[in-house]
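Data block below; observations after.
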Amino acid sequence: MENVKLLDGIFKDSEEIGKEYLLYLDVDRLVAPCYESAGQKSKKPRYGGWESRGISGHSIGHWLSAVSTMYAVTKDEKLKQKLNYAIDELSYVQSLGEDGYVSGFPKECFDKVFSGDFEVSHFSLGNQWVPWYSIHKIYAGLIDAYKLVGHQKALEVVIKLSNWAKNGTDNLSDELFERMLICEHGGMNEAMADLYLITGNEDYLDLAIRFCHKAVLEPLSIEKDELEGKHANTQIPKVIGAAKLYEITGVEKYREMAQFFWDQVTQKRSYVIGGNSKDEHFGREGTEDLGIQTTETCNTYNMLKLTEHLFSWNQDSKYMDYYEKALYNHILASQDPETGMKTYFVATQPGHFKVYCSPDNSFWCCTGTGMENPARYNRSIYYQKKDELFVNLFISSEVLHDHKNFRLKQQTNFPESNNTTLIVEEANNELLTLQIRVPYWASREVTAIINGKETYTSPGNSGYLSLNGEWNTGDIIEITLPMDIHTYHKRDESNKVAFMYGPIVLAGALGKENFPETDILEDHLSLNNHPLITVPTLVTSEEEVRKWIKPIEGAPLKFETEAIGQPGNQMITLIPFYELHHQRYTLYWDVLDQKRYEQFLAKKQDEVDKLQAITIDIVQPNEQQPEVEHEMKAQNSKSGYVNIVQRGWRDSRDEGFFSYQMQIKPEEENFLMVSYFGSDGDMYINGNKYERQFHISVDGKVIAEQTLKANKRDSLIDVVYPIPQELTGGKDKVEVKFSSTEGKIAGGVYGVRTLIGNPLK
């Protein structure tokens, strides 16, 4: 990394903003949890967010990695001074004990684990929230400080900490060790493999192998995909560690694990911006469920690390095609260029917006990897292999070859321009092959002109244009990278389309209609149910996208559609997603021709008209006037709003209920239709599991028992119940009541109607 220097451009600007945040952070506050876990009073109060909870201490580890990396690429002495102080502090805290332990939480949880008598779940071990995950960040940060800065004391601290782990886990049988790994444990296998490479101590290699979670990794080694439903970022570091073990041991199954996993995630489980996961978990293979909590930023940070390993084994351009997509459209887009704040999730829900961390009180996992990302922009621009230098990314930068007298500068304004110029700044008849990536998105032949004369256009089988030569100072290679508008189709819904220009995802800039007061927050979940807006449907029969999306003159990478946004014949502005901040946006659009759009509207209106024709009465929960008008009674009841379905809800818990007085027609056959949210299922409240299992009664008589099992995500489902005629005779109104019992939840209910027919028949 120290051989590559960023020059002026979007990545250099983002690197500088990221560095400012690293310098802003107070080491005494970052290490405060470590002091407290050792029974000492900290010099300053700890930071907020996760640092004030059980996952405390992870942020100092991320900060160590980020500062070590940033110092390696910028040589800013202020960073090194802060790094020295942080490691001195951790060394001091470690010296307060006798076993080498240092972390942001007490070690009692590990004492339980090492005894062999411990509880474990996906996110809890020894009654502590993900302890190996949290402490792994300190391992990784100390290792980075040694590898990137040469910090000897960091190595001494991490060796003592590793010996503590080795001595403790030696008490565990293989069966107990595997059971321990049920709980998220970060990249402990990678950290131990790194330490083996540094020290040559076989104990650390043995521990790295033990930290490989067989239940997850072994199926991958035989190309068996069992990822659905698994917490995504729990798994990616395990696979990175397996990749590193392949490089150390040559054991083929580790390579097979990494290769199959990468293929499945990038080709079958990722979104247009290169990120993956929804609600932090992998969905079904071949799906792209849109939502607010999609594309966790940590995941992409880790997928780029994994991609680097695979590319080092096989220099196929497909790896750098993915790397480029994720780097520009997710990682670069995840940092606010004004404040340096980071995203946790990046929403794919049409009409939503990005949500960023606060500077002092968020410290989510993605705040941590977000600290590291800006210092890593120079990675993978180039790759050296014997007498070859690969130019993978078109980023303004300079590289010095490790083993040759060869210095190359890349001058470019890409992606605002479609060319890049390589200038040999230092060489004397150096024999070297330059490999220029020919990206998948190139709309025509990529060309390379050397010193204004020779032209090359033919890529090799691996997607690279090979330029062989004996290079000298002053040689110039001019590369043209033709770009054009093209479409990306959602995997499981072909009429949902995203637009790209070359590798750049273009987002619809939708303004600030009903925008929150701020999108920089301590709680990244607090705006999940902020009201959405109506996103236009793009209506056109023209399949050639270039005919109705045109560049805006004088505004690079900005485009505008014809007036095809419906309703209202709207013109939509499209800009690079990495430039879009502090406003609403859409990445995926519904694109329909006029006939299908009219059919869609007609079907929707027909359904509304049919339902309206048989509706006697209707209540919308969570809305004051309808609930007052229907004489609502309630006990142990709550209400709220879910923006994805744009509806309010109400439920009751434990010995609770809510009821409405609703009109009926005694001379007709009456039905009750209740709307539920398809994502609602079992819920944990204060650590206790609550099933959504409840009774529905009319005038005191139970007419139905209902259980909700989250079997239709992110959409409303309607259930119709007959109302027995003996309950309606001679009445104009009845009481409709939803009742829960101890340890249960009734609802949520998103709508209640009385009807004179069953619309579902």
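Is at least one residue of region 312-323 at pLDDT 95 or above and touching an Asp or Glu at 6+ places or on another chain (Cβ under 6 Å)? No, that holds for no residue. Counted as qualifying within region 651-752 are the strands (runs of 3 or more DSSP E) with 1 or more residues that are open to solvent by 10 Å² or more (accessible area, probe 1.4 Å), namely 671-677, 683-685, 688-690, 692-698, 701-708, 716-722, 733-740. Screening K43 against (1) of a type in the set (K, R); (2) open to solvent by 60 Å² or more (accessible area, probe 1.4 Å); (3) in a helix (DSSP H, G or I) leaves a single unmet condition, (3).
Here Y440 fulfils each of the conditions (1) open to solvent by 20 Å² or more (accessible area, probe 1.4 Å); (2) closer than 25 Å to F311 by Cα; (3) touching a strand residue (DSSP E or B) at 6+ places or on another chain (Cβ under 7 Å) apart from (3).
Of the residues making up region 570-600, those that are surrounded by fewer than 19 Cβ atoms within 10 Å (Cβ to Cβ) and either of a type in the set (D, E) or over 34 Å from the mean Cα position of the chain (by Cα) (or both) are E579, D593, Q594, K595, E598, Q599. Considering only region 180-224, how many residues are within 27 Å of the chain's Cα centre (by Cα) and assigned to a helix (DSSP H, G or I)? Of the residues in that region, 17 qualify. For region 255-279, filtering for residues that are open to solvent by 20 Å² or more (accessible area, probe 1.4 Å) and in contact with a Leu (Cβ under 6 Å, 6 or more places away or on another chain) leaves 1.
Screening C183 on (1) open to solvent by less than 20 Å² (accessible area, probe 1.4 Å); (2) out of contact with any strand residue (DSSP E or B) (no Cβ under 8 Å at 6 or more places or on another chain) shows it passes everything except condition (2). Among the residues that make up region 160-179, is at least one of them closer than 18 Å to K214 by Cβ and in contact with a Pro (Cβ under 6 Å, 6 or more places away or on another chain)? For region 160-179, residues closer than 18 Å to K214 by Cβ and in contact with a Pro (Cβ under 6 Å, 6 or more places away or on another chain): absent.
Would you point out the residue of region 505-531, among those that are within 18 Å of the chain's Cα centre (by Cα) and among the hydrophobic types (A, V, I, L, M, F, W, C), that is nearest to E324 (Cα to Cα)? Per the criteria, the residue is V505. Pull up region 443-454, narrow it to residues that are modelled with pLDDT of 95 or more and more than 19 Å from S417 (Cβ to Cβ), then point me to the one that is least open to solvent (accessible area, probe 1.4 Å). Top of the filtered list is I450. The residues of region 390-410 that are out of contact with any helix residue (DSSP H, G or I) (no Cβ under 9 Å at 6 or more places or on another chain) and either assigned to a loop (DSSP other than H, G, I, E, B) or free of Cβ contacts under 8 Å to residues at least 12 places away in the same chain (or both), listed by number, are H401, D402, H403, K404, N405, F406.
Here is a yes/no grid of residues against (1) in contact with a His (Cβ under 8 Å, 6 or more places away or on another chain); (2) in contact (Cβ under 8 Å) with a residue 12 or more places away in the chain; (3) acidic (D, E); (4) open to solvent by less than 10 Å² (accessible area, probe 1.4 Å):
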| residue | (1), (2), (3), (4) |
| --- | --- |
| G370 | no, yes, no, yes |
| Y383 | no, yes, no, no |
| K386 | no, no, no, no |
| T412 | no, yes, no, no |
| N419 | no, yes, no, no |
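Scanning region 499-515 for residues that are open to solvent by 10 Å² or more (accessible area, probe 1.4 Å), assigned to a strand (DSSP E or B) and closer than 16 Å to H581 by Cβ yields A509, L510, G511. Here N373, N378, N413 are screened, and the one residue that is closer than 24 Å to N314 by Cα and under 31 Å from the mean Cα position of the chain (by Cα) is N378.
Within region 226-248, the presence of at least one residue that is in contact with a strand residue (DSSP E or B) (Cβ under 8 Å, 6 or more places away or on another chain), under 30 Å from W441 (Cβ atoms) and either without any contact (Cβ under 8 Å) to a residue 40 or more places away in the chain or buried (at least 24 other Cβ atoms within 10 Å of the Cβ) (or both) is confirmed.
Can you confirm whether E223 is touching a residue at least 12 places away in the same chain (Cβ under 8 Å) and either in contact with a Phe, Trp or Tyr (Cβ under 6 Å, 6 or more places away or on another chain) or closer than 28 Å to N711 by Cα (or both)? Spelling it out, E223 is indeed touching a residue at least 12 places away in the same chain (Cβ under 8 Å) and either in contact with a Phe, Trp or Tyr (Cβ under 6 Å, 6 or more places away or on another chain) or closer than 28 Å to N711 by Cα (or both).
So the check is Cβ under 8 Å with 6+ separation or different chains; which pairs have a first residue in region 4-19 that's within 18 Å of K80 (Cα to Cα) and a second one that's in a helix (DSSP H, G or I) and polar (S, T, N, Q)? Matching pairs, first to second residue: E15/T74; G18/N373; K19/T74. Looking across region 566-593, the residues that are free of Cβ contacts under 8 Å to residues at least 60 places away in the same chain and either touching a strand residue (DSSP E or B) at 6+ places or on another chain (Cβ under 6 Å) or β-branched (V, I, T) (or both) come down to Q566, M571. Within region 516-537, being closer than 20 Å to Y641 by Cβ, touching a strand residue (DSSP E or B) at 6+ places or on another chain (Cβ under 8 Å), open to solvent by less than 40 Å² (accessible area, probe 1.4 Å) and in a loop (DSSP other than H, G, I, E, B) holds for D519, H524, L527, I533, V535. Scanning region 86-132 for residues that are open to solvent by 70 Å² or more (accessible area, probe 1.4 Å) and within 32 Å of the chain's Cα centre (by Cα) gives E108, H122, F123, N127, W129.
The values are calculated or read from the model by the stated rules, or taken from the named source; none is laboratory data. Computed from a predicted structure; not experimentally measured. Don't worry about glycine lacking a Cβ; one is built from the backbone with ideal geometry, like all the others, and counts go over all protein chains shown. Keep in mind that these areas ignore ligands, DNA and RNA; they rest on the heavy atoms of the full protein, side chains included. Shrake-Rupley method; radii C 1.70, N 1.55, O 1.52, S 1.80 Å.
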